[in-house]
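K.L.:
One structure is given below, represented as structure tokens, and several questions about it will come after.
What follows is calculated from the coordinates using simple rules that are stated; it is not laboratory data. The shown structure was predicted, so the numbers you read here are calculated from the model rather than taken from an experiment. All Cβ positions, even for glycine, are placed from backbone atoms using ideal geometry, and neighbour counts span all protein chains on display.
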């Protein structure tokens, strides 16, 4: 696979503190805890995902952990030595388009996505590229993308990393080689159901949502099997008929194309076993009269909301 590009572009820069003498340190963890299965260097277990908030060495979730705290336990870099950071290595992504990826780190390997659904596996010690996956996107997907050809990252789970694609597929890649393990359609991009989200890996499931509120989709969140990509459940963010507690919250049939897309990864409360998922704008964005006569009646639920779901069934 191609491992380098000469074109100056958006990229990843890693700095190291000279006083510490290293660009990155992966702490040794007790066997059976944060240390991966010795047969699978980058294996990510359910236990690791559940306890990611206490793991100083890895970054396994969008937002660091299920609770999306975005707080790292790592203490090597602090206010006292941050001024001593200098560049250690840099990787060019070879593209000039938008870059929204949150890289994940598994036992010293960095997995990052770029525009146009490219996935790059990088050795965090030196910036060497291990492998690259490049998706062949259909030409007719680009007119229905909002906004830009971006992606927010892959979900590491088991011996794979999972990519939600612009053309609404879930792709499982071998985390050591980048080989495709499965590639399954999740939505219909010709209906503007596109995906830029980092999936959430949770107890054998991959949870993700659609973009496309600007193009008349009816938003949804879905759970897919991490084994083969098959559907476990699918929940629309706008209820059938637009009716909530007996109240019609959408004008006429506008609920069928009212937006409420779910393009950002939600959070999970393990103690309560509940998902908290944000939803986007109603559609059309700037002309409410299509979907609303009286804003006190047509409240356009559940767009611009946070929905709370059962992760096992998808029930709101």
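K.L.:
Hey, with R₀ at 22 Å, roughly what FRET efficiency would residue 248 and residue 308 work out to, going by the Cβ-Cβ distance, to 0.05?
P.N.:
My answer for the efficiency is 0.50.
K.L.:
In what sequence do 152, 224 fall when counting other Cβ within 10 Å, fewest first?
P.N.:
Taking fewest neighbouring Cβ atoms as first place, the list is 152, 224.
K.L.:
For 243, 170, what ranking results if the residue with the fewest other Cβ atoms within 10 Å of its Cβ goes first?
P.N.:
Going from sparsest to densest Cβ surroundings: 243, 170.
K.L.:
Now for a separate question. Compute the separation of the alpha-carbon centres of the range 242-287 and the range 66-115 and state it in Å as a whole number.
P.N.:
31 Å
K.L.:
Okay, next question. So how do 75-85, 229-239 stack up, highest first, on mean other-Cβ count within 10 Å?
P.N.:
Listed from highest to lowest mean packing, they are 229-239, 75-85.
K.L.:
Applying 1/(1 + (r/R0)^6) with R0 = 30 Å to the Cβ-Cβ distance of residue 190 and residue 286, what FRET efficiency is obtained, to the nearest 0.05?
P.N.:
Efficiency, from the Cβ-Cβ distance: 0.75.
K.L.:
Further question on the same structure: What residues of the range 62-93 lie in the reach of a label at residue 100, counting those whose backbone N is under 20 Å from a point 7 Å from the Cα along Cα→Cβ?
P.N.:
Only 62-65, 68-70, 93 fall inside the zone, counting backbone N under 20 Å.
K.L.:
How big is the range 201-316 by the Kirkwood estimate over distinct Cα pairs, in Å?
P.N.:
Its Kirkwood hydrodynamic radius stands at 14.4 Å.
K.L.:
Find how much the distance from residue 134 to residue 183 grows on full extension, using 0.36 nm per residue of separation minus their present alpha carbon separation; answer in nm with one decimal.
P.N.:
So the extension gain works out to 16.3 nm.
K.L.:
Sort 163, 301 so that the residue with the fewest other Cβ atoms within 10 Å of its own Cβ comes first and the one with the most comes last.
P.N.:
301, 163
K.L.:
Normalised by the residues of the range 201-316, what does the relative contact order come to in percent, with Cα pairs under 8 Å and at least six apart?
P.N.:
27 percent
K.L.:
Per-residue counts of other Cβ atoms within 10 Å, averaged by peptide: what ranking do you get for 252-259, 271-278, highest first?
P.N.:
252-259, 271-278
K.L.:
Given a cut-off of under 8 Å on Cα pairs at least six residues apart, what relative contact order in percent is computed for the chain?
P.N.:
Relative contact order of the chain: 12 percent.
K.L.:
Let me ask something else. If you stretched the chain out fully between residue 227 and residue 271, how much longer would it get, using 0.36 nm times the residue separation minus the C-alpha to C-alpha distance?
P.N.:
13.3 nm
K.L.:
Another question, if that's okay. Would you mind putting 57-65, 179-187 in packing order, based on average other-beta-carbon counts within 10 Å, highest first?
P.N.:
Packing order, densest peptide first, comes out as 57-65, 179-187.
K.L.:
Hey, another quick one. Please give the length that would be gained between residue 82 and residue 293 if that part of the chain were fully extended, namely 0.36 nm times their separation in residues minus their C-alpha to C-alpha distance (nm, one decimal).
P.N.:
70.5 nm
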